[in-house]
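J.: Provided herewith is a single structure, encoded as structure tokens, for subsequent inquiry.
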Amino acid sequence: MRVILCHGTFDLLHYGHILLFRVARAMGDKLIVTITSDRYVKKGDGRPVFNERQRRDWISECRSVDECHIIDELTGVQAILKYRPSIYVKGRDTIQHTQVIEAERYAVESVKGELRYVDTGTVFHSGELLSGRYLAPREDQESA
């Protein structure tokens with residue numbers, strides 16, 4: 001069985017996340033999504049907006065997601081070691097060389113998996129959506 005894993009905060013579930021889950025699920029037999037527990041979310045005052053239980057329940061309702069779990073760690077390393085994914089999927093907006101990404105890359109390689117960045121088109125950011133600074137193009141306007 002080819003297990004695919006996505007990990008993140010997913011504070012405000014939005015269209016970009018849905019696209020990420022859809023693409024990730026198509027890569028394997030089972031999509032597991034893990035979320036960072038509330039105590040490790042460091043995105044500013046009032047964040048996360050939705051608590052870990054709400055975020056887990058919301059993601060669990062997504063058609064593409066087979067399982068969703070809360071991970072009480074700062075990174076996805078624990079989830080990677082537990083679920084041993086064939087592919088660990090991140091959005092293209094997370095392409096960066098940070099200690100977190102490098103630790104996750106090392107963990108994925110240690111379980112003989114692969115880190116893949118997915119480009120779903122328009123990049124969405126929960127923080128921008130919450131602040132009102134981001135207005136996504138309407139689908140009927142994208143082709144104009």
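The values are calculated or read from the model by the stated rules, or taken from the named source; none is laboratory data. Note that this is a predicted model, so its numbers are computed, not measured. Cβ placement follows ideal geometry from the backbone for every residue including glycine, while neighbour counts extend to all protein chains displayed.
J.: So in region 93-110, with the set limited to residues that are more than 14 Å from HIS7 (Cβ to Cβ) and either of a type in the set (D, E, K, R) or in a helix (DSSP H, G or I) (or both), which one is modelled with the lowest pLDDT?
T.: Selected residue: ASP93.
J.: Being among the polar types (S, T, N, Q), at negative phi and surrounded by fewer than 16 Cβ atoms within 10 Å (Cβ to Cβ) narrows it down to one residue among SER60, SER64, SER86; which is it?
T.: Matching residue, one of SER60, SER64, SER86: SER60.
J.: In the list THR9, THR36, which residue meets the criterion of being buried (at least 18 other Cβ atoms within 10 Å of the Cβ) and touching a residue at least 60 places away in the same chain (Cβ under 8 Å)?
T.: THR9
J.: Report whether or not ALA24 is touching a Leu at 6+ places or on another chain (Cβ under 7 Å), within 20 Å of THR98 (Cα to Cα), in contact (Cβ under 8 Å) with a residue 40 or more places away in the chain and buried (at least 19 other Cβ atoms within 10 Å of the Cβ).
T.: Taking the combined requirement at face value, the residue does not satisfy it.
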